[in-house]
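Written out below as C-alpha cells is the structure these notes cover.
The values are calculated or read from the model by the stated rules, or taken from the named source; none is laboratory data. Keep in mind the model is a prediction, meaning the values are calculated, not measured. For neighbour counting, all protein chains shown are included, and Cβ atoms are generated from backbone atoms with ideal geometry for every residue, glycine included.
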Amino acid sequence: MTNLLRFFSVLAGYPDIILADESITSFADLSESKSVSDFQLSGIQEDIQKLLSAAAESHKNYVEVFLGTSHGGFATSGSDFKMPAGYDPRGRPWYKEALANQGTPVISKAYESTTGDAVFSSVKTVSRRGDIIGAVGIDVSLGVMTDLIKKIKIGESGYVMLIQDDGVILADPAHPDTNFKKMDEAGIPAFAELGRVASGDMRVELKGEEYAAKVMTSEDLGWKLVGFIKISEVMEQVYSMLFIMLMIGLALTVVFGLAGLFLANSLAKPIGSATAMVKDIAEGEGDLTKRLEIKTDDELGELAGWLNTFLEKLQEIIREIHSNAGSVNGSSEKLLEISTHLSSGADEASARANAVAAASEEMSTNMHGVASSMDETTSNTNMVASAAEEMTATINEIAKNSEQARGISEKGWGRRRQPRIKWSISEKRPAPSALLRKPSTIFRNRQTCWPSMPPSKPQGPEKPAGDSPWWRTR
C-alpha cells in the first residue's frame with residue numbers, strides 16, 4: 001500500500017495530468033451508455049489516455065486508472081468501458097473523499113465500480129497553480145485482492161483474511177460468501193469476536209475445528225490482516241519439531257560428549273604428566289633430568305615450560321647442595337675430632353681443676369698454719385732480737401775482759417811466751433740460721449755455750465779450765 005500511495009504522488013504531479021481542461025470527455029449530459037472510444041478525443045485527452053493505459057498495464061493488479069475533472073470530464077485507462085448515462089465523477093464517493101483530503105493520497109471504502117466489480121479506490125487531488133482541477137485514482141478489484149490473499153498459505157490448513165477498517169470483510173478464502181460483509185453480519189460468532197480485537201493472539205472455532213488466530217492492524221490503512229491455522233497442525237509441527245530437536249540434541253550430545261572427552265583427555269594428559277612428575281619429586285624418587293614435552297602453545301604449554309624451568313633450577317640447587325655436602329662432611333669430621341679433643345681436654349681440665357681445688361683446700365689449711373706460725377715467728381723474732389742485743393753486749397764485755405786478762409797475764413808471766421788463747425767466738429756463736437729456731441732451742445744452745453758468764457772484772461790471771469767451752473788452747 002505504501003508503494004501505491006507513492007505512485008499516486010507521482011501520477012498526480014505528472015505534466016499531462018496537470019494540463020487537463022474542459023476538453024476532457026464528459027458523460028454527465030448523455031442519455032445512453034457510451035465508452036470513451038465513441039468520442040473524438042482532443043490532443044490533451046489522448047495524451048492522458050495513453051498515460052493512464054500505460055500505468056494500468058504496468059501494474060496487473062490495477063483494474064482501472066482514471067481521472068475525473070472539476071468540469072465533469074472523465075478519462076480512463078479502459079477506453080472500451082461502457083460508462084452509464086449521466087455519469088458524473090464529481091458525485092462519486094471517491095471524488096468527494098479526495099476533495100476532503102486535498103493533496104493527500106487516500107484509500108476509499110470498498111464500493112461497486114462502474115464495471116460491476118467490488119473495488120476500492122486510491123485517489124488524490126490534482127491541482128494547477130493552487131486550484132483543484134480534478135482527482136486521479138486507481139481501482140483495485142476485490143477479486144484480485146482475493147486471489148492475492150488465496151495465494152498466501154500458512155502451513156497446510158492456514159490462510160489470511162483481509163478486513164477493512166470499518167469491519168467489512170474484503171477477502172476471506174475460506175468463506176467467499178462473507179466478502180463485502182461486516183464481521184458482525186457474517187453469521188460466524190468467531191468473526192464478531194475477532195472484530196473487537198485490534199491485535200494479538202487468540203483461539204477460535206470455525207466449522208468445528210479449533211484454530212489459532214493472529215490479528216495484525218496496518219498503521220497506514222487501519223485494515224486488519226487475520227491469519228488462521230489449525231491447532232492440530234501447529235501441534236503436529238511442534239511435535240515434529242520437538243522430535244527433530246530431540247534427535248539433534250541427542251546427536252549434539254554425542255558429538256559434544258566425544259569432543260568433550262577428547263578435549264578433557266588433551267587437557268588432562270599434560271596435567272596428569274605434570275602431576276605425576278611433581279608427585280614423584282615430592283616422594284623423594286624424582287628424576288630431575290626428565291622434562292615435560294611441550295606440544296601446544298596454550299596455557300598448558302606455558303605451564304609445562306615453566307615447570308621445566310623450575311626443574312632445571314631445582315636440579316642446579318640439588319647439584320650445588322650435593323657438592324657442598326662433601327665439604328660439610330669433611331668439616332663435620334674435623335669438628336668431631338675437635339670435639340673429641342675438647343672432650344678429653346675438658347676431662348683433663350676437670351681432673352686438674354679437682355686437683356687444684358684439693359691443693360687449694362690444703363693450701364688454705366697450710367696458709368692458716370703458716371699464718372699461725374708467722375704470728376709465733378714474729379713473737380720469737382722479737383725475742384731473738386732482744387737476745388741478740390743482750391748477746392752483743394755480753395760479747396763486747398767479754399772481749400774487753402779478755403783483753404785486760406791478756407795484759408795482766410803478760411805482766412804476770414813476764415816475757416815468757418805463754419800459749420796464746422784465742423777467743424773462738426765464731427765456733428761457739430750461734431749461726432744466723434739458728435736465730436730462726438724456737439726460743440727454747442736458742443736458750444738451750446746458750447746454756448750449753450755459756451753455762452756461766454765471766455766476771456766483769458778479772459781479779460788476776462787465772463788458768464783457764466780445761467772443760468770450759470769458752471776457752472781453747474792453740
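Just to be sure I understand the filter: pairs with C-beta atoms under 6 Å, separated by 6 or more residues or on different chains, first member in the stretch 382-403 and at pLDDT below 80, second member surrounded by 13 or more Cβ atoms within 10 Å (Cβ to Cβ) and aliphatic (A, V, I, L, M). Which pairs pass? Note: pairs meeting the criteria are Val384/Leu435. Of the residues making up the stretch 76-107, those that are closer than 22 Å to Glu57 by Cα and of a type in the set (Gly, Ala, Ser) are Ser77, Gly78, Ser79. For the stretch 41-85: of the residues being touching a residue at least 60 places away in the same chain (Cβ under 8 Å) and among the β-branched types (Val, Ile, Thr), which is surrounded by the fewest Cβ atoms within 10 Å (Cβ to Cβ)? Here the residue is Val63. The number of residues in the stretch 152-178 that are surrounded by fewer than 18 Cβ atoms within 10 Å (Cβ to Cβ), of a type in the set (D, E, K, R) and in a loop (DSSP other than H, G, I, E, B) comes to 4. The strands (runs of 3 or more DSSP E) located wholly in the stretch 179-275 that include 3 or more residues which are within 30 Å of Val106 (Cβ to Cβ) and either in contact (Cβ under 8 Å) with a residue 60 or more places away in the chain or among the hydroxyl-bearing types (Ser, Thr, Tyr) (or both) occupy 224-230.
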